[in-house]
Amino acid sequence: GESGGITQHIGAYKVEVKPGHYITFLDTPGHEAFTAMRARGAQVTDIVILIVAADDAVMPQTVEAISHAQAANVPIVVAINKIDKPGANMEKIKQQLADRNVLVEEWGGRYQSVEISAKKGLNIDVLLEKILLEAEILDLKANPDREARGVVIESQLDKGRGVTATVLIQKGTLKQGDIFVCGNQHGRVRAMFDERNKKLHDAPPSTPVLVLGFEGAPQAGDQFIVVDSERTAREIAVKRQQLKRELDSKQVRHITLDEISRQISIGGVSELPIIVKGDVDGSVEAVSDSLMKLSTEEVKVRVIHKGVGAISESDVLLANASSAIIIGFHVRPNLAARKLAETQKVDIRIYNIIYDAINEVKQALEGMLSPILSEEITSTVDVRDTFKVPKVGTVAGCYVLEGKITRNDKVRVIRDGLVIFTGDISSLKRFKDDVKEVDTNYECGISLYNFNDLKVGDQIEGFKVVETKKKLD
């Protein structure tokens, strides 16, 4: 594909492999688009091409991509790239993929793989053939002789053109002048362009097109449907807007461990999807294995993604799309992930002892979880400087990023996403004065009881342990 320009803007492009055979590639950097659409119930991807560099290792983002594809139940074709590089080691890559349950055909597995060099154009034709073969097995067919249906990949506001959206046509043929409903928006196709900015009069199945003529901006994952009249389109759009307002006022409740416990007790849940993040590979594996062993005949525990490191926004997006809970072992969510989890109502559980994690999930599976103590994060503070003070120890010059830190708060020190200390504040100062609390966007000096190893770049998280009453609902 070409770099920059409209290809990146449209996020999708179409390639003719042989006469009458086209493949549409969706470029999903960081697979956010893929997950966002899946969270909205849209299945846009038929096949995932997993590209791994032969001179490198299977990276964490590759593992994430595998988890996303497997959670969405989409077949994977593995492309091992850069085979012309001196350090290329294809067998090592296949071994690392096998460790992640992606066993390629030549190793007796079910995943097709091909060794390529995108730079030199080596075996690209073989890759395209394998995609076509996969498509034949999946029996991917669409009728072009009907009214068009598709899905929105992305939308944007263009100064000259107004609201435009990239739509992937999945059935039928879209024509200029067609009236459509899309999510809770409607409009008429004023013009269509392909990824090379060439004007189109019609777009058959599997064509990605930039559509002009929206009344308002649709969202990624919205269904695009052609209807017979403007009146019908308007009525449907108005009704959907009304429904959306009602739903927003009720707000979506994501599944929490407590809610699962309640649902299990009344027989309403048959699967518990979990994402496991930890500080070291060994504990991630141990937690995952122990959790999966908790599966019962009624409820299956499924670890849909596991990895080492802090809980990220990508983890929260995957949890949101899969109605999963996140279990962190010795790791915390970063600030952005925590905020996203709060807005998306994703349940994040943090543990320091494997037994506690296993026990809570086990109780939930038995339908008898009764939360008594919960944790409330009150502040996030950045360490910007440190000073050694005689008789006091280390004092950290800090900046309060979020919330309010108070003298009586419990605190934990986080370095590179890992908790390295949990304890109490011994002094909290503004300039030379002792204070009880410090608000967001203010500087302060903090020293901790029995901990003198504060470093610039550490984060101090203030928290309270809150008692919650047992719920009978």
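The values are calculated or read from the model by the stated rules, or taken from the named source; none is laboratory data. Keep in mind the model is a prediction, meaning the values are calculated, not measured. Methodologically, a virtual Cβ is constructed for each residue, glycine included, from the backbone with ideal geometry; neighbour enumeration extends over all protein chains shown.
Here are a few things to note about the model shown:
- Of all residues in region 189-207, those that are in contact with a helix residue (DSSP H, G or I) (Cβ under 7 Å, 6 or more places away or on another chain) and either among the aromatic types (Phe, Trp, Tyr) or more than 16 Å from Gln156 (Cα to Cα) (or both) total 1.
- Unmet criterion (only one of (1) hydroxyl-bearing (Ser, Thr, Tyr); (2) loosely packed, with under 13 Cβ neighbours inside 10 Å; (3) in contact with an Asp or Glu (Cβ under 7 Å, 6 or more places away or on another chain)) for Ser374: (3)
- Residue match in region 171-187 (condition: modelled with pLDDT under 90 and surrounded by fewer than 19 Cβ atoms within 10 Å (Cβ to Cβ)): no
- Of the strands (runs of 3 or more DSSP E) lying entirely inside region 297-364, those containing at least 2 residues that are among the aliphatic types (A, V, I, L, M) and buried (at least 22 other Cβ atoms within 10 Å of the Cβ) span 325-329.
- Verdict on Val126 being surrounded by fewer than 20 Cβ atoms within 10 Å (Cβ to Cβ), among the β-branched types (Val, Ile, Thr) and at pLDDT below 85: no
- Of all the listed residues (Lys391, Lys404, Lys410, Lys432), the sole one being out of contact with any helix residue (DSSP H, G or I) (no Cβ under 8 Å at 6 or more places or on another chain), within 26 Å of Lys277 (Cβ to Cβ) and either modelled with pLDDT under 95 or among the charged types (D, E, K, R) (or both) is Lys410.
- Taking region 43-65 as the range and being closer than 20 Å to Thr24 by Cα and either in a helix (DSSP H, G or I) or under 13 Å from the mean Cα position of the chain (by Cα) (or both) as the test, only Ala65 passes.
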